[in-house]
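Just below is one structure, and these are the notes that go with it.
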Amino acid sequence: MVVLAASICTKGGKAVISRQFRDMTRPRIESLLASFPKVIPTNTQHTSVETSDVRYVYQPLEDLYIVLITNKASNILQDIDTLHLFARVVSDMCRATADQREISRNAFEILEAFDEIVSLGYRESVNLVQVRNVLEMESHEEKIQEIIARNKEAEAKEELKRRAKQLEMQRREQQRRAAGGGGAPGAGGYLGGGISGYAPVPQRFEAPTPVRASSPAASALKTPAFKKSGMQLGGKKTTQSQLLDALGGEAMLSEDMSVPGTPAPVEHTPLQPVQPSRASLPTVTPESVHIIVKETISLELAREGGLNSLELKGDMNLQVTDSALARVKLSLAEPATAFGPELQYKQHPNVGKFAANKERLIALKDPSRSFPVGQSLAVLKWRYAGKDESYVPLSINCWPTPGNDGTCDVNIEYELENEGVILHDVLISIPLPSGSYPTVSSHSGEWTLNGSNHAIDWHVGRVDTDDRSGTLEFSVGGDDAGAFFPVQVTFVAQGSIAGARVASVTRIDNGEEVAFSEDSSVTVDSYTVV
């Protein structure tokens, strides 16, 4: 079988498009197509006709003909099958109608399809689906590269989030040190919200040196009176709003900016160096046998209630500094909250299998061996992934209520659900509608306005069983309840959400209990309400 050309022509023999697969001049193909209508027999159902030189295999295509010009020695059955494939390809590309205008508009794609069906005059082993895939130019390698590029972009975004979180922790640490270091009484009394009524101003301020040479009159020391109206937060965007936009993330507002609060006396105590990773967690003095428990949590709550996802990862590291106490075994206490079989444990290869529902012992497989001295060894790891909301350590309920006056009343509350942990440095960040500023009516803890992402940051120093819940209420301009999500939560916790706690450490040789120290902490990887 040799196909000389594939053409689409009018019923008068004028070529619309034509693809030659062998060396043929344009006048030659135009001459063959011009003589084609003249040799078509009338009143017959045949789809092929021969001349002295070539064979025409044709099929009507609405007001046109699709024609294969072959040599007379080709296989007529294969030629008809090839013709049908050509016709299906043309109909697939010209979905609206296979008229002359549509074919001319898709001429380039149709000719490419012709080349995929016939090469150098011989039929390729392809079907309509394969031709369509080739024309779409889909590449498996290209898809893999796109997936790799998306993964790299996602990793870069995660790295940016991690660095932003580190910078935020450093900023809060600097504010905490500035608050602990004190300053001139009354300086900064206008900015910042909270229980004390003031917070440190980020801008540098040098207090004037007091002059003791002369004492001013009592009337000169009288505090200047301020107007009762003050500046109102929320509502229309006033000069105050423009000033806040200009200050950006450095501005922190209280609920009443008109009357400066009376600052409480500050005791000047020397600042102790604080490790940024531990934040406000208490320092643990290590014993000769020291256990370090670290957990990270990723959680997503639904605004209507319920849990979308929860992932908890943790590990336990043992550090022995006295070689006489290197042969010991650890007995873990029963957890207050049983996670069930979804909490998966994995022990060190040299450690015996850990049975969470039995003795809960951690010891070396070979009792004659000792734990390494002077270095930390990860003896146990665990992981939980599920949607059971009973395991949520801190529940968050954000309830926006749009009003009829174009404002929205927002009530947000938290409650400690896991009594096995103590939360420190709790920060709950609620987004605000663009251009609006809140009027806080009641709150526990402290709050500030974060101008960098236009959100209200609610700071709570410590959450435990004695002070396990708190609320924040404010009103703000806007009636879109979805503008206050997602709510972001960060904290560091003392303890273990999974209940991984060492009850006792005993020696292998004589069963004597050994004094030990334990440092358990939980950090947040992601904690949102969407």
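The values are calculated or read from the model by the stated rules, or taken from the named source; none is laboratory data. This one's a predicted model, so the numbers in the text were calculated from it and none came from an experiment. Cβ atoms come from the backbone with ideal geometry, glycine included; neighbour counts cover every protein chain shown. Heads up: the accessible areas ignore ligands, DNA and RNA and are worked out on the full protein's heavy atoms, side chains in. Shrake-Rupley method; radii C 1.70, N 1.55, O 1.52, S 1.80 Å.
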- In region 415-431, what residues are open to solvent by 10 Å² or more (accessible area, probe 1.4 Å) and farther than 11 Å from F484 by Cβ? E415, E417, N418, E419, G420, I422, H424, D425, L427
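One line per residue, one yes/no per condition, for (1) without any contact (Cβ under 8 Å) to a residue 60 or more places away in the chain; (2) closer than 17 Å to V502 by Cα:
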{"residue": "L310", "(1), (2)": "no, no"}
{"residue": "M316", "(1), (2)": "no, yes"}
{"residue": "V320", "(1), (2)": "yes, yes"}
{"residue": "R327", "(1), (2)": "no, yes"}
{"residue": "S331", "(1), (2)": "no, yes"}
{"residue": "A356", "(1), (2)": "yes, yes"}
{"residue": "L361", "(1), (2)": "yes, yes"}
- When both residues are 6+ apart or on different chains and their Cβ atoms are under 8 Å apart, which pairs have a first residue that lies in region 375-390 and is open to solvent by 30 Å² or more (accessible area, probe 1.4 Å), and a second that is assigned to a helix (DSSP H, G or I)? A385/E342; D388/E342
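Hey, could you check region 509-530 for residues that are without any contact (Cβ under 8 Å) to a residue 60 or more places away in the chain and either not acidic (D, E) or not in a loop (DSSP other than H, G, I, E, B) (or both) and say which is least open to solvent (accessible area, probe 1.4 Å)? Explain how you work it out, then say what you get.
Step one: list which residues in region 509-530 are without any contact (Cβ under 8 Å) to a residue 60 or more places away in the chain, which gives 510-513.
When the remaining residues are screened for being either not acidic (D, E) or not in a loop (DSSP other than H, G, I, E, B) (or both), the result is 510-511, 513.
Numbers: N510: 89, G511: 50, E513: 133 Å².
For region 509-530, the residue satisfying everything is G511.
So, in region 353-374, exactly how many residues are open to solvent by less than 30 Å² (accessible area, probe 1.4 Å) and at pLDDT below 90? Can you show your working first?
Let us first name the residues in region 353-374 that are open to solvent by less than 30 Å² (accessible area, probe 1.4 Å), namely 354, 360, 362-363, 371.
Next, from what is left, pick out any that are at pLDDT below 90: 354, 360.
Qualifying residue count for the region: 2.
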- When T70 is evaluated against the numbered criteria (1) over 44 Å from the mean Cα position of the chain (by Cα); (2) within 30 Å of T448 (Cα to Cα); (3) not acidic (D, E), which criterion, by number, is the only one it fails? (2)
- Mind counting the residues in region 77-90 that are over 12 Å from R132 (Cα atoms) and open to solvent by 40 Å² or more (accessible area, probe 1.4 Å)? 5
- Message: Being more than 12 Å from T490 (Cα to Cα) and among the β-branched types (V, I, T) is the filter here; which residues of region 448-465 pass it?
- Response: T448, I456, V463, T465
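Can you spot a residue in region 414-434 that is among the hydrophobic types (A, V, I, L, M, F, W, C), under 30 Å from Y345 (Cα atoms) and touching a helix residue (DSSP H, G or I) at 6+ places or on another chain (Cβ under 8 Å)?
Our first condition is that a residue be among the hydrophobic types (A, V, I, L, M, F, W, C); within region 414-434, this holds for 416, 421-423, 426-428, 430, 432.
Subset that is under 30 Å from Y345 (Cα atoms): 416, 421-423, 426.
Next cut, touching a helix residue (DSSP H, G or I) at 6+ places or on another chain (Cβ under 8 Å) only: none.
There is no residue in region 414-434 that is among the hydrophobic types (A, V, I, L, M, F, W, C), under 30 Å from Y345 (Cα atoms) and touching a helix residue (DSSP H, G or I) at 6+ places or on another chain (Cβ under 8 Å).
Per-residue answers, yes or no, for (1) out of contact with any helix residue (DSSP H, G or I) (no Cβ under 6 Å at 6 or more places or on another chain); (2) more than 29 Å from D464 (Cα to Cα); (3) not in a strand (DSSP E or B):
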{"residue": "K353", "(1), (2), (3)": "yes, yes, yes"}
{"residue": "D366", "(1), (2), (3)": "yes, yes, yes"}
{"residue": "S370", "(1), (2), (3)": "yes, yes, yes"}
{"residue": "L377", "(1), (2), (3)": "yes, yes, no"}
{"residue": "L380", "(1), (2), (3)": "yes, no, no"}
{"residue": "S390", "(1), (2), (3)": "yes, no, yes"}
{"residue": "N397", "(1), (2), (3)": "yes, no, no"}
- Filter pass, T506 being farther than 25 Å from R278 by Cα and part of a strand (DSSP E or B): yes
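Kindly evaluate R132 against the criterion of being out of contact with any strand residue (DSSP E or B) (no Cβ under 7 Å at 6 or more places or on another chain), in contact (Cβ under 8 Å) with a residue 24 or more places away in the chain, open to solvent by 60 Å² or more (accessible area, probe 1.4 Å) and within 30 Å of Q78 (Cβ to Cβ).
Answer is yes for this residue.
Is it the case, given these coordinates, that M1 is touching a Phe, Trp or Tyr at 6+ places or on another chain (Cβ under 9 Å), open to solvent by 40 Å² or more (accessible area, probe 1.4 Å), modelled with pLDDT under 90 and not in a helix (DSSP H, G or I)? Full working, then the answer.
Values: touching a Phe, Trp or Tyr at 6+ places or on another chain (Cβ under 9 Å): yes; open to solvent by 40 Å² or more (accessible area, probe 1.4 Å): yes; modelled with pLDDT under 90: yes; not in a helix (DSSP H, G or I): yes.
Judged against the criteria, M1 is a match.
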- Residue among A500, A493 that alone is of a type outside the set (S, T, N, Q), crowded, with 18+ Cβ neighbours inside 10 Å and either in a loop (DSSP other than H, G, I, E, B) or over 28 Å from the mean Cα position of the chain (by Cα) (or both): A500
